[in-house]
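For reference, the structure discussed in these notes is given below.
The values are calculated or read from the model by the stated rules, or taken from the named source; none is laboratory data. A quick note: this is a predicted structure, and the numbers were derived from the prediction, not measured. We place every Cβ from the backbone using ideal geometry, glycine too, and count neighbours over all the protein chains shown. With ligands, DNA and RNA removed, areas are computed over all heavy atoms of the protein, side chains included. Shrake-Rupley method; radii C 1.70, N 1.55, O 1.52, S 1.80 Å.
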Amino acid sequence: MSQYFENDKNLKDEPIQIHFTIQNKEYQLQSNTGVFSKDKLDTGTKILLESVLKEEKNPSRCLDLGCGIGPVGVVLASNWNSEIMMIDINERAVSLASQNIKNNHCKATIKCQDGICTEDGMFDCIVLNPPIRTGKKVIYSLFDQCIEHLKGNLYIVIRKQHGAQSAMNYLEEKGCVVERIVRDKGYWVLKCYCK
């Protein structure tokens, strides 16, 4: 069975719509097989979004790293007047994210690539729900990339049982100031900035 971080050309095409509400605003997104949390908004993503919207007010440049079908990018773009970039390695997810941005009358730059590139520049805000199934090496590499491209706050959601404390320790060892701003349903939301 293929994973949401792989590009499997043999996946069935089974389009579905997902609906969710964040801060009393309703959203509708197109989804399909072969993407992360294909049939609903993931609990961690919902907790992350609610936390980021409370903490941040219109950062000038924001990155949704590992955007999937685009719930984070869509919600942030519809609430902020910010330059939004969305990145994912999964071609089908990126195609759906483009469609979802358009359908929700939002603007964002969407890229299909493995992580952040030098030319992507610096961001005032980076939002990440790390792809846990890829393993620690990949996740910590994404953390490193975030730190290199960060001039504001990085928000990460991670379950306690999936290594939230060790992620926090790693970021602190890298010179970040890390605060756990939310603990809900087994998820931690970490807010980090570089000294």
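Figures for the structure shown
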quantity: In the range 33-66, residue farthest from ALA164 (Cα to Cα) [restricted to those that are in contact with a helix residue (DSSP H, G or I) (Cβ under 9 Å, 6 or more places away or on another chain) and among the small types (Gly, Ala, Ser)]; calculated: GLY34
quantity: Among the candidates TYR170, TYR140, TYR155, residue that is crowded, with 20+ Cβ neighbours inside 10 Å and out of contact with any Leu (no Cβ under 6 Å at 6 or more places or on another chain); calculated: TYR155
quantity: All positions within the range 86-100 that are open to solvent by 10 Å² or more (accessible area, probe 1.4 Å) and among the aliphatic types (A, V, I, L, M); calculated: ILE89, VAL94, LEU96
quantity: Yes/no for VAL177 being open to solvent by 40 Å² or more (accessible area, probe 1.4 Å), touching a strand residue (DSSP E or B) at 6+ places or on another chain (Cβ under 6 Å) and outside any helix (DSSP H, G or I); calculated: yes
quantity: Within the range 121-137, tally of residues that are open to solvent by 20 Å² or more (accessible area, probe 1.4 Å) and within 20 Å of SER82 (Cβ to Cβ); calculated: 4
quantity: Filter result (surrounded by 18 or more Cβ atoms within 10 Å (Cβ to Cβ) and of a type in the set (Val, Ile, Thr)) within the range 41-74; calculated: THR45, ILE47, VAL52, ILE69, VAL72, VAL74
quantity: Residue match in the range 104-120 (condition: surrounded by 16 or more Cβ atoms within 10 Å (Cβ to Cβ), within 24 Å of GLU55 (Cα to Cα), within 15 Å of the chain's Cα centre (by Cα) and among the hydroxyl-bearing types (Ser, Thr, Tyr)); calculated: no
quantity: Per-region count, the range 1-40, residues modelled with pLDDT under 95, open to solvent by less than 70 Å² (accessible area, probe 1.4 Å) and closer than 30 Å to GLU179 by Cβ; calculated: 3
